[in-house]
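Here the structure is laid out as structure tokens; the discussion comes afterwards.
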Amino acid sequence: MDGDRQRLTLPEFRRSLGPGLLWAATAIGVSHLVQSTRAGATSGYGLTGVILAALLIKYPFFEFSPRYAAATGESLVDGYRRIGVWALWIYFFITIATAVIVASTIALFAGFLFLVVIGADPSAVVPAAGLLYAASGVLLWRGRFRMLDVSIKAILMTLAISTIVSAVVALPRADFSTLALWPALGSDGASLIFMLALAGWMPSAIDVSVWSSLWTLAKDRAQGGRTRVVTARADFLVGYLGTGGLAFAFVTLGAAMMYGSGRTFSPQGAVFSLQLADLYAETLGVWARSFVLIAALTTMLSTLLAVVDGFPRAIDRSVVVMRGAVGSPYAEPSSVYWWALVIIGVLVVVLLGAFGGTLTALVDFATTVSFLTAPILGYLNLRVVTGPYMPTEDRPGPAMLAYAYTGLALLTTFGVVFAIAGR
């Protein structure tokens, strides 16, 4: 029996709404603002099929996270430990290997856009990045999960409005003759490496799936009640659909304003975003530039806030489980959470200072790790929700299992192709 048949009530859904939006805030970052927009700029709507395929293929592995948390009252971290200590160590290694790099990249991007929006000198980007990270940490310290929940909802609302308005304004200029479900390769199409990178980070890396299970439990603790599986899945679906919709909105920004313009665009994400904003100003007027900048800034601020909480929360739970502690997943994060938050923040500033804000090689490393480990973590997520500790009535049904196994095969294929083509 599949837990899909549980009946969803609107009041219950409203109370539980939040973890799915937090996941969306994490996903709607560089993959959308830079990768999706660049896809539109280079190929018009020619990479629509790549983005759609990535969203469809990865869905089960992200959905299994809130499903498992709601069904068992445990996080995916606990589920990995039930599979075996080796599974937990794989996840922990991926988290440690990428945490500082990912946080640094997002803080740097957010800091640059913040300085541009307020009219300050962009050369002060490293202090601005550190300041935004610290501000996010203070917000979490003062308000814990409730403040995170409320802040993300407000930021995402601003992001959605500004992005949709920008896309709608640009839509009449879009050339839909480029629309394709099968991408073109070669001189007239995108490179294979770019398409793989686009798919690899769309909508996000699989390791982020753990965070939504932790946020589901944090939401339960904050509202003093257990979320049912059907509610947790509906909450996640809202976030996932919103993530997909905004991905295509950013494609429209690039396709309508950049594609066929004859300009050369910067490989640096922050500069690329400014070029997009400047094109809006040149074509539609100065008033339109502000919408793009607000969309870009809120995109990165929402991602930064989610990341500042997500990595420490995952590290904290991993350490607790590794120690063999029986503590309830509903308990407040331990001191490890705050130590991890501070240490990552310090390392972010050190890393940005040492590399002068140029993190290309490190970002490539983090991207590669996430890409190549996607099928491994996808398999672990599948094992968790089909294990003996998962209530029978909440396990995925035959259709979902077939869907997941197909996605797993495709993720593995993409990983192999990426490893070969990236040499």
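Between residue 142 and residue 175, how high is the FRET efficiency from 1/(1 + (r/R0)^6) when r is the Cβ-Cβ distance and R₀ = 56 Å? Nearest 0.05.
On the way: r = 48 Å, r/R0 = 0.86.
According to the calculation, E is roughly 0.70.
So what J values fall out for segment 214-227 if you push phi through Karplus, 6.51 cos²θ - 1.76 cosθ + 1.60 with θ = phi - 60°, rounded to Hz, Gly and Pro as x?
5, 5, 4, 5, 5, 5, 4, 5, 5, 9, x, x, 8, 7
Would you work out which of 51, 387, 286 lies farthest towards the positive end of the dipole of segment 3-421, given +1 charges on the beta-carbon of Lys and Arg and -1 on that of Asp and Glu, about the Cα centre?
387
Could you give me the ³J(HN,Hα) list for segment 44-55, computed from phi with Karplus coefficients 6.51, -1.76, 1.60 and θ = phi - 60°, whole Hz, x at Gly and Pro?
Here the 3J(HN,Hα) series is x, 9, x, 9, 4, x, 5, 5, 4, 5, 4, 5 Hz.
List residues of segment 271-298, by number, whose backbone nitrogen lies under 17 Å from a label position 7 Å along Cα→C-beta of residue 131.
297-298
Only Cα pairs within less than 10 Å get springs; with that Gaussian network setup on the chain, which residue of 96, 376, 106 has the largest fluctuation?
Checking each option, the largest mean-square fluctuation is seen for 96.
Is there a quick way to get the dipole size of the chain? I mean about its Cα centre, with the Cβ of Lys and Arg at +1 and of Asp and Glu at -1; what is the value in debye to the nearest 20? Present the calculation step by step, with values, prior to reporting the outcome.
Values: 27 positive and 21 negative charges, 149 e Å.
In total the dipole reaches around 720 debye.
Once Lys and Arg get +1 and Asp and Glu get -1 on their Cβ, which of 35, 239, 303 lies farthest toward the positive end of the dipole of the chain?
About the Cα centre, the residue reaching furthest to the positive side is 239.
Could you list 193, 206, 155 so that the one with the fewest beta carbons within 10 Å of its beta carbon is first and the one with the most is last? Write out the running numbers ahead of the final one.
Details: 193 12, 206 24, 155 21.
In order of increasing Cβ crowding within 10 Å: 193, 155, 206.
From the phi of every residue in segment 303-314, what ³J(HN,Hα) in whole Hz does the Karplus formula 6.51 cos²θ - 1.76 cosθ + 1.60 yield, where θ is phi - 60° and glycine or proline is x?
5, 4, 4, 5, 5, 4, 8, x, 4, x, 5, 5
Only the coordinates and a few stated rules stand behind these numbers; no lab work does. Remember, it's a predicted structure, so these values are computed and weren't measured experimentally. Note: ideal-geometry Cβ built from the backbone for every residue, glycine included; neighbour counts use all protein chains shown.
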